[in-house]
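Inspection log for the structure reproduced underneath, given as structure tokens.
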Amino acid sequence: MGEVLSQNEIDSLLAALSSGEIDAEEMSEANDKQVKNYDFRRPTKFSKEHLRTLEVIYEHYSRLLSTSLPVYLRKSVQVSVSSAEAIVFSEFTNALFNPVILGVVNFQPLGGTIIVEMATRLGYAMIDRMLGGEGAPLDKNRDFTEIELTIIEKMMVICMQLMREPWKNVMDVNPVLERMETNSQFAQMIAPNDMIAIVTLNMKIGDVEGFMNICLPFFTLESVMDRLNTKYWYANMQEKKDDEFEEYIEALIKRVDVPVRAVLGKTEIAVTDFVNIQIGDIIRLNTDVEQDLKVYVGNIEKFAALPGSSKDKYAVRVTSVIREEE
């Protein structure tokens, strides 16, 4: 409710207007509020904060692609986030050309799907590289063969598996590739006027550069929109305690394979004797039969053990553990 003027203030204001001290037009312009046009065909459902959080998520995803894809392509891969914007779905589909590489992904446990579109030149480069070539794109686009589609589908599955980790701070998702499409007409799984957030990644495979677009419909992300803000995202990161990271690292270390070898003994022989060794010859070692063997983990002596057998296989029984201080 506006401020109520007293009678004296009203009289003073009228006197100032009559004398020309105050311009009525200037007062009218000062009180005019800025009006912003609102397009009801494109309702704002993704705020700048939502788009910024999506950028943060897919910056992490870009780093994972940059480090994981070279393992399969045996070529340097550079990925970075180019942009994140909110548009209607029809604008996305109208920009597609045939043939196209579209991955329809079930974004479990969220309801609905997302779409991943990859530039065809990137697809051709991946195919050429996986089949032993230099990773060069085709001069002219053509339809993909069944074998080529199978290769692209496998690469797309790898890319979808890498998407789990960047989303963990929002929620645990399990992206599953439902199908691949090469015709843009079959990409009409979302209403044309529905709002989508589209994150564009710039991918470079060797000398071949192109875009990967990730289309995230509003109705797919609607249930987690309140979590798509940087405050929640970073707060969720801080909630992870140091001991959880220690347990995670410890679990990874426990799965590492290390070589273990038991040394029966050592000896020295002449080269002529070594060359003439035959089956059944006896080599005398520098250890007794009842003496403990040295057991090495890697190149470090860790155990003492006695030789024996277990289920028709040679084995050793640990008799003592050699501590680091020993």
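The values are calculated or read from the model by the stated rules, or taken from the named source; none is laboratory data. It should be emphasised that the depicted structure is a prediction, and the values quoted were computed from it without experimental measurement. Positions of Cβ are generated from backbone atoms using ideal geometry, with glycine treated the same way; all protein chains shown enter the neighbour counts.
Each residue in region 264-289 was checked for being free of Cβ contacts under 8 Å to residues at least 12 places away in the same chain and of a type outside the set (A, V, I, L, M), and 9 of them qualify.
For the residues Ser28, Ser12, Ser62, Ser83, the requirement of being in a helix (DSSP H, G or I) and at pLDDT 85 or above singles out Ser62. When Met160, Met130 are checked against the criterion of being modelled with pLDDT of 85 or more and in contact with a strand residue (DSSP E or B) (Cβ under 9 Å, 6 or more places away or on another chain), Met160 stands alone in meeting it. Scanning for something in the same structural domain as Tyr72 (by TED's automatic domain parsing), farther than 23 Å from Ser223 by Cβ and in contact with a helix residue (DSSP H, G or I) (Cβ under 7 Å, 6 or more places away or on another chain), does region 109-125 turn up at least one residue? Within region 109-125, one or more residues are in the same structural domain as Tyr72 (by TED's automatic domain parsing), farther than 23 Å from Ser223 by Cβ and in contact with a helix residue (DSSP H, G or I) (Cβ under 7 Å, 6 or more places away or on another chain).
Against the definition (aliphatic (A, V, I, L, M) and over 18 Å from Glu55 (Cα atoms)), how does Met156 come out, yes or no?
Yes; evaluated as a whole, the condition is true for this residue.
Among the numbered conditions (1) out of contact with any Pro (no Cβ under 6 Å at 6 or more places or on another chain); (2) aliphatic (A, V, I, L, M); (3) modelled with pLDDT of 85 or more, the only one that Ala191 does not meet is (3).
Please indicate, with yes or no, whether at least one residue in region 70-90 is assigned by TED's automatic domain parsing to the domain that holds Pro175, among the aromatic types (Phe, Trp, Tyr) and closer than 17 Å to Arg121 by Cβ. So far as region 70-90 goes, no, none of its residues is assigned by TED's automatic domain parsing to the domain that holds Pro175, among the aromatic types (Phe, Trp, Tyr) and closer than 17 Å to Arg121 by Cβ. Here Thr319 fits the description: surrounded by 12 or more Cβ atoms within 10 Å (Cβ to Cβ), more than 45 Å from the chain's Cα centre (by Cα) and farther than 16 Å from Arg261 by Cβ. Restricting attention to region 276-309, the residues that are of a type in the set (Ser, Thr, Tyr) and within 46 Å of the chain's Cα centre (by Cα) add up to 1.
Determine which member of the set Met155, Met171, Met189 is touching a strand residue (DSSP E or B) at 6+ places or on another chain (Cβ under 7 Å), touching a residue at least 40 places away in the same chain (Cβ under 8 Å) and of a type outside the set (Ser, Thr, Tyr).
After ruling out the rest, the residue left standing is Met189.
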